[in-house]
Amino acid sequence: MIRGCLDLLFAPNDSEMGSWQTKSQQNFQTYSDQAAPKTLSDQFVFLHYLVVTYATGISPAQNLVDDNDFCDQADPSISEGIMTSAHSPVPIRMAKDSTTIYLGDAIPILNDEVPDSSVQLIFADPPYNIGKRLANFNDKWPNDETYMQWCYEWLDLCIAKLDGTGSLYVMCSTQCAPYFDLFLRERVGILSRIIWHYDSSGVQAKRYFGSKYEPIFHCVKNKKRYTFNAHDILVKTNTGANRKLIDYRGRTAKPYNDDKVPGNVWEFPRVRYRMSEYENHPTQKPEALLERIILASSNPGDMVLDPFAGTFTTSAVAQRLGRASIGIELQEEFFKIGVRRLDIAHSYNNEPLSPPVKRFHRRPNVISGGRLL
Ligand SMILES: C[S@@+](CC[C@H](N)C(=O)[O-])C[C@H]1O[C@@H](n2cnc3c(N)ncnc32)[C@H](O)[C@@H]1O
């Protein structure tokens, strides 16, 4: 019986796609069917995922472990999902004012839709190859080599799309950071190797030092000419000015500056369920992190590109800060978040789009005459 229920749950979905259907979406449909868990053990793992996600509103991966921890603890029973660049020949494009979003594979879209040297800032936050489930597939390649071959392909494209004075920020897992470093330093100038440090409220590692950071490479095409708006990202100092000390090192004594350009260790909390910016995605990045990057490395009106948009955080912050943007996302489930979050449309395929309903937003049960309503 259990087997029957699971089969029903994972039966291929051939429902009508409605007015938005294009060839690429037919391909997506095929792809998600292929990626649906096929074996009984895969189905149990996925069922567990659905139950935990439904009950808590947080994916099990997000709930329990940090991104980098997850790599070494990935459940071997979840089938590998390889994201190729071959299954999305016709992307879907939607736009409002200077905000454009694509549903499709980043590599062909970068190739076909984005002119060379047309972008001032790129923020790339790809799948990390750590076995995290991202909607219809597992973020896991057969080995580091095939994963990095894929990364090198889109990295080369990103570099080609960057304007001569443009900046590229690349996030990756700690495990793969050396590959990225070696590749990038041959092609662009790496100005900073930033550590995004966060605390984790999830289960802490007990038998090793748990992962509390993710690397971000800050690169520029031309180390002599690039945008860096230091005055827009100043933070309060934690040293002399705080203690009202006087700096006697110069010719004239003066109070210590009370603000400074942030160093290369950034502390921002991860996006949590209770935060208003929360969307249903396992690796959503905080708006505060994108705000620092966009303010520092672009000017109003500049074009900002995110080839792995997820919940379209980059586009949302770019929109708020008056930048033009392009966001690309492979999965329809996440693309719909972008359509809504960027106020491009209120429905998609006739489906009304609404923000995630949080459990603590639901109307509390009312007691009437001793009975729960
Ligand atoms: C680490 S997440 C990005 C999260 C995003 N920065 C945010 O704040 O929500 C990576 C995203 O890349 C998407 N993705 C994976 N392969 C892709 C591809 N070939 N083209 C475009 N997007 C892809 C995944 O579906 C996932 O949503």
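Coordinate-derived values only; no laboratory data. In this text, all values refer to a predicted model and were calculated from it rather than measured experimentally. All Cβ positions, even for glycine, are placed from backbone atoms using ideal geometry, and neighbour counts span all protein chains on display.
For a straight C-alpha distance cut-off of 20 angstrom, the lysines reachable from K336 (same-chain residues fewer than eight places away being disregarded) are K23, K96, K285, K358.
Local charge sum around P300 (other residues, Cβ-Cβ under 15 Å, Lys/Arg +1, Asp/Glu -1)? Write out the running numbers ahead of the final one.
On the way: positive: R320, R323; negative: D97, D232, E291, D302.
Here the count lands on -2.
Around the amide H of W196, modelled in the peptide plane, lie the amide H atoms of E214, I216, W266, all under 5 Å away and 5 or more residues distant in sequence or on another chain. Calculated FRET efficiency, A95 to D156, Cβ-Cβ distance, R0 = 35 Å: about 0.85 to the nearest 0.05. Run the reach check for K254 against lysines, Cα to Cα strictly under 27 Å, same-chain hits fewer than 8 apart removed. What comes back? In chain and number order, the partners are K236, K244.
3J(HN,Hα) couplings calculated from phi for the range 212-228 with the Karplus curve 6.51 cos²θ - 1.76 cosθ + 1.60 (θ = phi - 60°) are, in sequence order, 10, 8, 10, x, 9, 8, 9, 10, 9, 6, 10, 5, 9, 9, 7, 7, 8 Hz; Gly and Pro show x.
Under 5 Å between amide hydrogens, built in the peptide plane, is the criterion, and for S325 it picks out T99, T100, V304 among residues at least 5 positions away or on other chains. Simple point charges give the picture: +1 on the Cβ of Lys and Arg, -1 on the Cβ of Asp and Glu, and for the range 214-354 a dipole about the Cα centre of about 980 debye. Scoring 154-165, 324-335 by mean Cβ neighbours within 10 Å over their residues and listing the highest first yields 324-335, 154-165. Note on D258 and N242: the model spin-label points, each 7 Å out from Cα along the C-beta direction, lie 1.4 nm apart. The phi-based Karplus calculation (6.51 cos²θ - 1.76 cosθ + 1.60; θ = phi - 60°) puts the 3J(HN,Hα) values of the range 346-352 at 9, 9, 9, 6, 6, 9, x Hz, whole numbers, x for Gly and Pro.
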